[in-house]
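The values are calculated or read from the model by the stated rules, or taken from the named source; none is laboratory data. These numbers come from a predicted model, not from an experiment. Cβ placement follows ideal geometry from the backbone for every residue including glycine, while neighbour counts extend to all protein chains displayed. All accessible areas refer to the heavy atoms of the entire protein, side chains included, with ligands and DNA or RNA removed. Shrake-Rupley method; radii C 1.70, N 1.55, O 1.52, S 1.80 Å.
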Amino acid sequence: VQLQASGGGLVQPGGYLRLSCAASDTIFRDNAMGWYRQAPGKQRDLVARAFSSGNTYYEESVKGRFTISRDSAKNTVYLQMNSLKPEDTAVYYCNAFNVIRGTDYWGQGTLVTVSS
(Lines give C-alpha, C1' and ligand atoms only; values in the text may rest on other atoms or scores of the structure.)
Protein backbone atom coordinates (compact mmCIF):
# COMPACT_ATOMS: atom_id res chain seq x y z
CA VAL A 1 0.00 0.00 0.00
CA GLN A 2 1.58 3.25 -1.10
CA LEU A 3 -0.83 5.61 0.66
CA GLN A 4 -2.34 4.61 3.99
CA ALA A 5 -5.18 6.81 5.20
CA SER A 6 -6.74 6.81 8.66
CA GLY A 7 -8.72 8.95 11.07
CA GLY A 8 -12.30 8.88 9.88
CA GLY A 9 -15.25 8.34 12.15
CA LEU A 10 -18.53 9.64 13.48
CA VAL A 11 -18.62 13.15 14.90
CA GLN A 12 -21.35 15.56 15.88
CA PRO A 13 -21.90 18.81 13.99
CA GLY A 14 -19.43 21.41 15.17
CA GLY A 15 -16.92 18.75 16.13
CA TYR A 16 -13.52 17.96 14.71
CA LEU A 17 -11.48 15.14 13.24
CA ARG A 18 -7.96 14.75 11.92
CA LEU A 19 -7.24 12.55 8.94
CA SER A 20 -3.77 11.17 8.33
CA CYS A 21 -2.19 9.73 5.22
CA ALA A 22 1.21 8.06 5.33
CA ALA A 23 3.20 7.70 2.12
CA SER A 24 6.45 6.20 1.00
CA ASP A 25 9.51 8.46 0.92
CA THR A 26 9.51 8.83 -2.86
CA ILE A 27 5.82 9.47 -3.24
CA PHE A 28 5.77 12.06 -0.49
CA ARG A 29 8.82 13.86 -1.82
CA ASP A 30 7.83 13.92 -5.48
CA ASN A 31 4.12 14.71 -5.32
CA ALA A 32 1.60 17.22 -4.17
CA MET A 33 -0.43 15.60 -1.41
CA GLY A 34 -4.14 16.11 -1.17
CA TRP A 35 -7.51 14.98 0.06
CA TYR A 36 -10.61 14.35 -2.01
CA ARG A 37 -14.06 13.42 -0.82
CA GLN A 38 -17.01 11.64 -2.31
CA ALA A 39 -20.49 11.87 -0.85
CA PRO A 40 -23.13 9.27 -1.75
CA GLY A 41 -24.39 9.79 -5.27
CA LYS A 42 -21.88 12.54 -6.00
CA GLN A 43 -18.58 12.81 -7.80
CA ARG A 44 -15.23 12.78 -6.08
CA ASP A 45 -14.04 16.34 -5.48
CA LEU A 46 -10.77 17.87 -4.36
CA VAL A 47 -10.96 19.26 -0.84
CA ALA A 48 -7.41 20.42 -0.17
CA ARG A 49 -3.91 20.03 -1.55
CA ALA A 50 -0.49 20.76 -0.11
CA PHE A 51 2.52 21.25 -2.34
CA SER A 52 6.11 20.57 -1.36
CA SER A 53 6.72 24.30 -1.89
CA GLY A 54 4.48 25.02 1.06
CA ASN A 55 1.59 26.33 -0.99
CA THR A 56 -1.87 25.03 -0.28
CA TYR A 57 -5.22 24.94 -1.97
CA TYR A 58 -8.66 24.65 -0.37
CA GLU A 59 -12.06 24.12 -1.85
CA GLU A 60 -14.23 27.11 -1.06
CA SER A 61 -16.63 25.40 1.34
CA VAL A 62 -13.86 24.25 3.68
CA LYS A 63 -11.79 27.42 3.81
CA GLY A 64 -11.32 28.55 7.39
CA ARG A 65 -12.43 25.19 8.77
CA PHE A 66 -9.99 22.65 7.32
CA THR A 67 -6.21 22.78 7.42
CA ILE A 68 -3.90 20.58 5.37
CA SER A 69 -0.33 20.07 6.45
CA ARG A 70 2.70 17.99 5.48
CA ASP A 71 5.11 16.39 7.92
CA SER A 72 8.28 15.58 6.01
CA ALA A 73 9.81 13.72 8.94
CA LYS A 74 6.93 11.25 8.90
CA ASN A 75 6.05 11.36 5.18
CA THR A 76 2.52 12.07 6.29
CA VAL A 77 -0.12 14.55 5.24
CA TYR A 78 -2.85 15.61 7.65
CA LEU A 79 -6.25 17.14 7.21
CA GLN A 80 -7.47 18.87 10.35
CA MET A 81 -11.20 19.32 10.04
CA ASN A 82 -12.90 21.71 12.46
CA SER A 83 -16.45 22.99 12.73
CA LEU A 84 -17.69 19.97 10.86
CA LYS A 85 -21.07 20.12 9.16
CA PRO A 86 -23.41 17.34 8.04
CA GLU A 87 -22.57 18.24 4.45
CA ASP A 88 -18.95 17.24 5.13
CA THR A 89 -20.11 13.65 5.39
CA ALA A 90 -18.29 11.63 2.75
CA VAL A 91 -15.61 9.09 2.09
CA TYR A 92 -12.31 10.93 2.14
CA TYR A 93 -9.46 9.79 -0.10
CA CYS A 94 -5.79 10.62 0.13
CA ASN A 95 -4.09 11.50 -3.15
CA ALA A 96 -0.55 12.07 -4.36
CA PHE A 97 -0.28 13.91 -7.68
CA ASN A 98 2.42 15.32 -9.92
CA VAL A 99 1.27 16.69 -13.27
CA ILE A 100 4.81 16.86 -14.67
CA ARG A 101 5.74 13.32 -13.71
CA GLY A 102 2.29 12.06 -14.60
CA THR A 103 1.87 10.33 -11.26
CA ASP A 104 -1.46 9.94 -9.52
CA TYR A 105 -1.70 7.71 -6.46
CA TRP A 106 -4.74 6.98 -4.31
CA GLY A 107 -5.16 5.68 -0.82
CA GLN A 108 -8.12 3.72 0.45
CA GLY A 109 -11.05 5.83 1.56
CA THR A 110 -11.88 6.69 5.12
CA LEU A 111 -15.46 7.48 6.06
CA VAL A 112 -16.32 10.70 7.84
CA THR A 113 -19.86 10.96 9.15
CA VAL A 114 -21.11 14.19 10.69
CA SER A 115 -24.39 13.59 12.44
CA SER A 116 -26.14 14.20 15.72
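A few comments on the model shown:
- Sites Gln12 and Ser61 - FRET efficiency at Förster radius 22 Å, r taken between beta-carbons, to 0.05: 0.70
- Where the Cα pairs of the chain fall when distances are cut into 5 Å bins, in %: 2, 13, 24, 26, 19, 10, 5, 1, 0
- Each label was represented as a point 7 Å from its Cα along the Cα-to-Cβ direction; for Thr113 and Ser83 these points are 2.6 nm apart.
- The solvent-accessible area of Ser53, taken with every protein chain present and a 1.4 Å probe, is close to 90 Å².
- Compared with the alpha-carbon gap, the fully stretched path from Ser72 to Ser24 is longer by 16.2 nm at 0.36 nm per residue.
- Arg101-Phe51 pseudo-label distance in nm [points 7 Å out on the Cα-to-Cβ vector]: 1.6
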